1. When the helix-only estimate is applied to the chain (DSSP H runs of n ≥ 4, each -39,500 (n - 2.57), divided by the residue count), what is the mean residue ellipticity at 222 nm, nearest 500 deg cm²/dmol?
2. For the Cα atoms of the chain, what angle does the longest principal axis make with the long axis of helix 178-196, in degrees from 0 to 90, nearest 10?
3. Provide the packing ranking of 162-169, 185-192, i.e. peptides ordered by the mean count of other C-beta atoms within 10 Å per residue, highest first.
4. Just grab the label-to-label distance for residue 293 and residue 444, each label 7 Å out from Cα along the Cβ direction, in nm (one decimal).
5. Could you give the length gained by full extension between residue 109 and residue 195, i.e. 0.36 nm per residue of separation minus their alpha carbon distance, to one decimal place?
6. Angle between the Cα long axis of helix 30-55 and the longest principal axis of the chain, 0 to 90 degrees, nearest 10?
7. Any chance you could run the full-extension gain for residue 139 through residue 224? It's 0.36 nm times the residue separation minus the Cα-Cα distance, nm to one decimal.
8. Over the chain, what is the mean sequence separation of C-alpha contacts under 8 Å (at least six apart), divided by residue count, expressed as relative contact order in percent?
Ligand code: ADP
Ligand code: MG
C-alpha cells in the first residue's frame, strides 16, 4: 500500500470514529444522527476508492461515485440544521436530496462528473452563505466559533474532495487530497464537539475514546481480512462491512420509532393528569346533586310535602349546569377552540402573576411592565391564561439557580396585535434546540411533556396571532405571544 493508501486507511478510521461519536450523541443534538450519516458516507466513499485501488474491481468505482454524489446533500442538510433553519428550508433540503440522489443513480453517465463538479460546489457555496449569515446574527462567541469550525470543515472537505474528483476522473495532475480532506474536516468537527459542545452538552471523554477505538478496530479488522483473502474477495468482505454498518444504523433508526412510543406514553401520562383533573372537577357537583336527590326522596318517602323544597331543585339545576360548563371547557381546551370575549390582556397577566403556581421559587423574581394603552381584545381567558402559564413555567424551569423574569405587554397598532413578552435570563437555547422547541412532545426535561410551547403556539394561532422565540445559550430566552387585537370588521 502506498502513502495515499495509508492516508485513506487513517481517514476511514477517523470517519468511523467520528461517525460513531456523533451517533452516540443523536438524542442530545439534532446534528448527531446527520453527522453520523455524513461520516458513514465519507467512510464508504474513502473506502470504496481504496478498495478500487487494491482490487481494480470496477464496481468499487461505481460505489465510490455513488457515495460522493450524495455527500453534498447530506453536508447541506447538516448546515441547515446547524443554523436552525430546517423548517423554513425544508423544500430545498428535499430538492437537494432528490437531485444529488438522482446523480448517484447515474454514475455511469458521462454527464455525472460535470453535474457533480458544478452542483456540489454550488450547494456548498450556499451552505457557506448560510453559515456566514448565522455567524453574523449570533451574539455568543461560542456559537460563532462553532460556525467558524463548521465553515472551515465544509470548505476543506469540498476543496479537497474536488481534487480527488479531478485526479480520478480526468487524470488531472493534482495531488489527491480527498482522504486528508475528510480527515481534517473530521478533526475540526470533533474539536467543535469536544471543546464547543457542537453535539449538545459536554461529550464525556470516555465516549470519544470508545468511538476512536471502534474506528481503529473496525479498520484493522477489515485490513486483516484484505490481507488474508484475495483482493477481490477482500473487497466484497469490506463492502459487506459497510453494508452492515448501514444496517446497524438503520436498525437503531427503527429503534427510534420506539421513542415515538415513548412520546405516546408521555401523551398518555398527560391524558392521565388531564382526566384526573376532569374527574375532580365533576365529582363535587355530582356529589351535591346526589345529596339533594337523596334528601328529596327521603322527604317523599316519609310522606312530607315537597312544595317547600324549591331551593333543592334549583341547586340540582345549578350543579348540572356547572358540570355542563366544565365539560365544554375541557372540550374547548383539548381542541383549542377559543370562545373569545372582550378581555384585557393586562388583566390576564395581572391575575396570573400573583398565583405563582407555575413553579416560581424564592430565587426567581418577576418584574411586570404592563402597557397602559392596551385595548380590550377578543380573547379566550382560560386558553390564554393556560398558554401564558406554560411559558412562565418554562422560564422558571430555565433558571434553576434563580434569576429575573420580565413580563411585558404591548399593543402594536400597525399590525393589529396585542402581545405579551416573557423574558428570562436562564439557560437559553442554541439554534438547533430553538428550532425544535415548539414541536409537540419535544422536551429536554426528564419530567417534561414537551407540550407547553406547542399548546401556547396553538392558542396564539387560534387567536390569529403567533408565538415567537429568540434565545441565546447562557443569556436567556424571550417568548412573545401575540393575539389579534380586533376582528377585521370592527377594526
Ligand atoms: P417541557 O417544558 O415539558 O419540556 P415545552 O414545550 O414547554 O415542554 O418546552 C420544550 C423545550 O423547550 C423544553 O424542554 C426546553 O428545552 C425548551 N425551552 C422552553 N422554554 C425555554 C426557556 N424559557 N429557556 C430555555 N429553554 C426552554
Ligand atoms: Mg414546559
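1. On the way: 14 runs with 330 residues, N = 491.
After summing the helix terms and dividing by residue count, I get -23500 deg cm²/dmol.
2. The two axes meet at around 30 degrees.
3. On the way: 162-169: 18.2, 185-192: 22.6.
Averaged packing, sorted descending, gives the order 185-192, 162-169.
4. 5.3
5. Numbers: separation 86, 0.36 × 86 = 30.96 nm, distance 4.34 nm.
Contour length minus the Cα-Cα distance gives 26.6 nm.
6. For 30-55 against the chain, the angle is about 20 degrees.
7. Numbers: separation 85, 0.36 × 85 = 30.60 nm, distance 4.98 nm.
Using 0.36 nm per residue and subtracting the Cα-Cα distance, I get 25.6 nm.
8. Working: 690 pairs, mean separation 60.3, N = 491.
It comes to 12 percent, rounded to a whole number.
Only the coordinates and a few stated rules stand behind these numbers; no lab work does. Remember, it's a predicted structure, so these values are computed and weren't measured experimentally. Quick reminder, even Gly has a Cβ in these numbers, built from the backbone with ideal geometry, and neighbours come from all protein chains shown.
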